[in-house]
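> This structure is in structure tokens; I'll ask about it shortly.
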Amino acid sequence: MRRDTIVRLRITVEGTVQGVGFRPFVFRLAQDLGVAGWVMNSARGALLELEGPVAVVETLLERMQRETPAAAKMGRLKVEPASPTGEVGFGIRASEGVGTRRLVVSPDLATCSDCLGELSDMMDRHFRYPFLTCTRCGPRFSLITDIPYDRANSTMNRFDLCRDCRAEYGDQGNRRFHAEAIACPTCGPRLALWDVQGDEVAREEAALQQACEIIRKGKILAVKGVGGFQLWVDACSESAVQRLRLRKMRPDKPFAVLFPSLSSVLESCSLGQEDESLLGSFEAPIVLLRQLEASGLAPSVSPENPHIGAMLPYSPLHHLLMTGLQSPVVATSGNRAEEPIVIDEGEALGRLAGIADAFLVHDRAIARPIDDSIFRVVEGEQVILRRARGYVPRPIRIPVPLPSGRVMVPILAVGGHLKNTIALSSGNEVLLSQHLGDLSTLEAFEAFRYTVDDLQRLLDVQPTLVACDLHPDYRSTRFAQEFATRQAVPLVQVQHHHAHVAACMAEHGLDGEVLGVVWDGAGYGLDGRLWGGEFLVAGYPGFTRLAHLRPFRLPGGETAIREPWRCAFSLLWETHGEGVAIQELEARRGRPGEPDALAVLLNHGLVSPETTSMGRLFDAVASLAGLCDEASFEGQAAMALEFAAARYEKTAPGDETGYPCPIVQGDDKPVEWVADWRPLIELLMEERRTGSSPERIAYRFHLGLADLIGHVAERAALPRVVLTGGCFQNALLLRLARHRLARAGFTVYNHRLVPPNDGGLSLGQTVVAAHRSCHA
């Protein structure tokens, strides 16, 4: 074909191409190159028709992929020939809502530099306007009510554009050309400050000024943000932070800190290039950073914790407040313990009553709650701990084909009980919901149910299969069972730790079998026991339990999670006997009779479930090392152990060795091996009695676990090892394990796209259920 031959192509672009300036971008390319045709939003993404000489159309397609807007994520391109029509000019057409849907909307994006410039420009009509946005930035997923992403299908539909905004919307040379969330002080949302009764005390600029003054006085301000309310307080005032802890009933769990600028972060924290990149990205997550000794922050912001969850302003409202304050603030989720984040100002008055002293609100509705995402950087690599704002609803493409070339049926996966997310598959993509949290309260479970309905409606997908955890008492499991019965669709129950491995495999596009090292707090096992220190030979269809920790009991059941000394007592009881266990705990805790009560439970097997949990082993060792006997939040004892070990590592001798945890033959087939922790406990207690520091004990414990992983991997002789489960949120454990495995020649995989904790379970459930459905 001659290069000047006129052709017409019809192109479907999948991926994140709505709400990111993709149509105006294509429009300008076509104008620049003289290509005729049109572009529109569609249910599957963006739809284009291009007409012109072959060489010019090819140039447009090449530039479209190379110069894509920063916030866009192009997926598959489907190119079909069409008959030339002789069309002249290029246009943006009204959106088409028919056809199979894909959730192609952008996540909520941090404010761009151009909008920030207007925010501070006294001559600009957007000067100090808290809701300015353009095609490159601003809220998206938190606003959308239907697909395709148009103003009419968002919570901005009640704000009619003024003459100036309409002119910008239609101006092809303006960066607000077809910006659906466009707004200005004349026609857009308004800001107001309310007292605790909900009476308005100030508006607009006065509301901003008074809000800053409230924080300066040490009071607690509830701020309606992008994805819900946040509770703000002066991060440098110990009394203010303590007041927030008291009112929120959150005695120890660290608070996130919002800093005015990157330079202010550097005054309080040390950070590397990857940390800086994350903080300044369009996603703008919370990043865990090491706190400087003279950080200037109140000690109660992150008690007994060397890290700070830092973030930068990501909305115009944030920027205006932080410009006024010029000082870091605690910016924590606007909710009570175990409840979902509040998104409605009327609801906030009730649910945050007794916590907030005032409410900074606006009349732009939030379509769904979206919390802040959380990352930490381990050896230069980003590890996501909570996936929400900035990342959802980007789909996760599953590159591994199903057997016999089958296409994945629509699957709803409902995750676990803690750190819940749900997943909905469409084609070879899986959409994970935002972090929903723990399903312990009715409010949280209602938010879960709403999200299930919300994603089905947005994608217009009716699941033909539902997947859930094995645990019979999870609310998510019971919901899945009821859903399957009501919709007359098959139910696939996926073992908890198998789902963890499958999630990490799916992220990396792995097929076949791997050795999965799955360490967490607890998951319901095939034998009805609580698993949690597992070595699985796993693929998508199934797994074999190759090895696990030696079981031990949890006296008092779930109470042992909040009181690690109970786990410590159980391990001493198993290792040294009842007498030593009672004597040791009485001497340390000074509460006669307390250990005797636990001995009764263990001797009679009462309220003492058996577990192989690595998370509970961490708790026990933290208690035995004298670091944490009682925990007010999940993971507190394990974190104390990690931080103590990290302190010792700085000065540790190069020949330091880990505690032994020998691999012995398993008693119950088909389990091949058991990791016996008793020699570890024996040596630990001997060193504790001879004056070894808690820091050294913690470090040797971590070294021993890394060696254990290496030894099992060498016996399993599978070249690929997956590290997953909540214990691998521990940066030191992850690093030591990766180094140990790499030295032995293994290829190591850990999570990048979804959290290693239970936030990734729904992805694993989806791919396991898809493969099992092929074998049904």
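> What part of the accessible area of region 545-600, given as a whole %, is carbon or sulfur when the probe is 1.4 angstrom? Provide the component values of the computation, followed by the final result.
On the way: 1030 of 2200 Å².
Using a 1.4 Å probe with all protein chains present, region 545-600 comes out at 47 percent carbon and sulfur.
> Tell me the volume per residue, in Å³, of the convex hull enclosing the alpha carbons of region 348-457.
Numbers: hull volume 18.3 nm³, N = 110.
Output value, Cα hull per residue: 166 Å³.
> When you have a sec, figure out the Kirkwood radius of region 180-253 from all distinct Cα pair distances and drop it here in Å to one decimal? Write down the numbers at each step before the final one.
Values: mean 1/r = 0.0715 Å⁻¹.
This gives a value of 14.0 Å.
> Out of the DSSP beta bridges found with both residues in the chain, what percent are antiparallel (nearest 5)?
Details: 82 of 112 bridges.
That works out to approximately 75 percent antiparallel.
> Among 123, 159, 89, flag the residue with its Cα farthest along the positive direction of the charge dipole of region 13-160, charges on Cβ as +1 for Lys/Arg and -1 for Asp/Glu.
Working it through, the farthest residue towards the positive pole turns out to be 159.
> Taking Rh as the Kirkwood radius computed over C-alpha pairs, what is the Stokes-Einstein D of region 420-520 at 20 °C in a medium of viscosity 1.002 mPa s, expressed in µm² per second? Present the calculation step by step, with values, prior to reporting the outcome.
Working: Rh = 14.8 Å.
D = 144 µm²/s.
> Right, something else. Rg and Dmax of region 301-343 over Cα atoms: what are they, in angstrom?
My reading of the Cα-based Rg and Dmax gives 12.8, 33 Å.
> In whole Å, what are the extents of region 120-248 along the principal axes defined by its C-alpha atoms, from largest to smallest?
53, 35, 27
> Shifting gears a bit: How large is the helix-only mean residue ellipticity at 222 nm for the chain, computed as the sum of -39500 (n - 2.57) over DSSP H runs with n ≥ 4, divided by its residue count, in deg cm²/dmol to the nearest 500? Display every interim value, and only then the final one.
Numbers: 23 runs with 267 residues, N = 776.
Roughly -10500 deg cm²/dmol at 222 nm, from the helical runs in the chain.
> Just need log10 I(q)/I(0) for region 1-142 at q = 0.13, 0.18 Å⁻¹, Debye formula, equal scatterers on the alpha-carbon atoms, no solvent, rounded to two decimals.
At q = 0.13, 0.18 Å⁻¹ the computed log10 ratios are -0.62, -1.01.
> Would you kindly derive the ³J(HN,Hα) couplings of region 279-294 from the backbone phi angles with the Karplus curve 6.51 cos²θ - 1.76 cosθ + 1.60 (θ = phi - 60°), listing them in order in whole Hz, with x for Gly and Pro?
The phi angles translate into 4, x, 6, 4, 6, 6, x, 6, 10, 6, 10, 6, 7, 6, 4, 9 Hz.
> Solvent-accessible area of residue 150, probe 1.4 Å, all protein chains present, reported in Å² to the nearest ten, please.
30
> Also, quick follow-up: Which value results for Rg/Rh of region 482-618 when Rg is the Cα radius of gyration and Rh the Kirkwood radius based on the inverse mean 1/r?
Details: Rg = 18.7 Å, Rh = 16.8 Å.
A ratio of 1.11.
> Charges on Cβ only, +1 for Lys and Arg, -1 for Asp and Glu, centred on the Cα centroid of region 554-709; of 662, 605, 573, which one is farthest towards the dipole's positive end?
My answer, from the dipole projection, is 573.
> Where the only charges are on Cβ atoms (+1 Lys, Arg; -1 Asp, Glu), what is the dipole of the chain about its Cα centre, to the nearest 20 debye? The partial results should precede the final answer.
On the way: 81 positive and 94 negative charges, 268 e Å.
So the magnitude is around 1280 debye.
> Let me ask something else. Kindly state, as a whole number, the per residue volume in cubic angstrom of the convex hull around the alpha carbon atoms of region 632-724.
Details: hull volume 14.2 nm³, N = 93.
Roughly 153 Å³ of hull volume per residue.
> Mind checking the dipole of region 431-540: about its Cα centre, +1 per Lys or Arg Cβ, -1 per Asp or Glu Cβ, Debye to the nearest 20?
Numbers: 6 positive and 15 negative charges, 53 e Å.
The calculated dipole for region 431-540 is roughly 260 debye.
> Could you compute how fast region 253-332 diffuses translationally, taking Rh as the Kirkwood radius over C-alpha pairs and applying Stokes-Einstein at 20 °C with viscosity 1.002 mPa s? Give it in µm² per second.
Details: Rh = 12.5 Å.
Translational diffusion coefficient: 171 µm²/s.
> Probe of 1.4 angstrom, ligands and nucleic acids ignored: what's the accessible area per residue over region 160-263, in square angstrom?
Each residue of region 160-263 exposes 41 Å² on average to a 1.4 Å probe.
> Express in % the proportion of alpha carbon pairs of region 512-580 at distances exceeding 17 Å. Before the final figure, lay out each step's value.
Details: 1222 of 2346 pairs.
The answer is 52 percent, as a whole percent.
> Using only alpha carbon positions, build the gyration tensor of region 324-380, then give the equivalent ellipsoid semi-axes as the square roots of 5 times its eigenvalues, largest first, whole angstrom. Mind dumping the intermediate values first?
Details: eigenvalues 120, 52, 34 Å².
Taking √(5λ) for each Cα gyration eigenvalue gives 25, 16, 13 Å.
> Could I get the Rg over Rh figure for region 300-409? Both from C-alpha atoms, Rh via Kirkwood, rounded to two places. If you can, show how the numbers build up before the last one.
Values: Rg = 18.9 Å, Rh = 17.8 Å.
Rg/Rh for region 300-409 comes to 1.06.
> Could you work out the mean projected area of the convex hull around the alpha carbons of region 232-374, in square nanometres to one decimal? Please report the intermediate quantities before stating the final value.
Details: hull surface 33.9 nm².
Directional mean of the projected Cα hull area for region 232-374 stands at 8.5 nm².
> Continuing with the same structure: Can you give me the C-alpha center-to-center distance between region 548-569 and region 310-355, rounded to a whole angstrom?
Here the two parts' Cα centres lie 36 Å apart.
> Quick one: order 567, 162 from most to least accessible surface, probe 1.4 Å.
Numbers: 567 0, 162 25 Å².
Order by accessible area, largest first: 162, 567.
> Rounded to two decimals, what is the ratio between the C-alpha radius of gyration of region 684-776 and 2.2 N^0.38 Å?
Details: Rg = 17.1 Å, N = 93, 2.2 N^0.38 = 12.3 Å.
The value comes to 1.39.
> Largest first, please: the extent of the C-alpha atoms of region 565-677 along each principal axis, to the nearest Å.
Largest first, region 565-677 extends 45, 42, 27 Å along its Cα principal axes.
> Give me the compactness ratio for region 103-144, meaning the Cα radius of gyration over 2.2 N^0.38 Å.
Numbers: Rg = 11.4 Å, N = 42, 2.2 N^0.38 = 9.1 Å.
My calculation over the Cα atoms of region 103-144 gives 1.25.
> Continuing with this model, one more query. The chain: percent of C-alpha pairs farther apart than 54 Å?
Numbers: 38350 of 300700 pairs.
Every Cα pair in the chain considered, those over 54 Å come to 13 percent.
> Using the Kirkwood radius over C-alpha pairs as Rh, can you work out the diffusion coefficient of region 532-571 via Stokes-Einstein at 4 °C, viscosity 1.567 mPa s, in µm² per second? The partial results should precede the final answer.
Working: Rh = 12.0 Å.
In µm²/s, the coefficient is 108.
> Could you list log10 I(q)/I(0) for region 100-195 at q = 0.11, 0.23 Å⁻¹, which the Debye formula gives when each Cα is one point scatterer?
Once normalised to I(0) and log-transformed, intensities are -0.32, -1.33.
> Return the loop-located trypsin sites (Lys or Arg not before Pro) in region 641-700 (DSSP other than H, G, I, E, B) with at most 11 other Cβ atoms within 10 Å of their own Cβ; answer none if there are none. Numbers along the way, then the final one.
On the way: sites: 647, 650, 688, 689, 696, 700; in loops: 650.
Answer by residue number: 650.
> Let me know the charge dipole size of region 1-157 about its Cα centre in debye, to the nearest 20, where only the beta-carbon of Lys, Arg (+1) and Asp, Glu (-1) is charged. Before the final figure, lay out the partial values.
On the way: 20 positive and 18 negative charges, 73 e Å.
Dipole of region 1-157, to the nearest 20 debye: 360 debye.
The values are calculated or read from the model by the stated rules, or taken from the named source; none is laboratory data. Quick caveat, the model's predicted, so the values are computed rather than measured. Methodologically, a virtual Cβ is constructed for each residue, glycine included, from the backbone with ideal geometry; neighbour enumeration extends over all protein chains shown. Heavy atoms of the whole protein, side chains included, go into the accessibility calculation; ligands, DNA and RNA do not. Shrake-Rupley method; radii C 1.70, N 1.55, O 1.52, S 1.80 Å.
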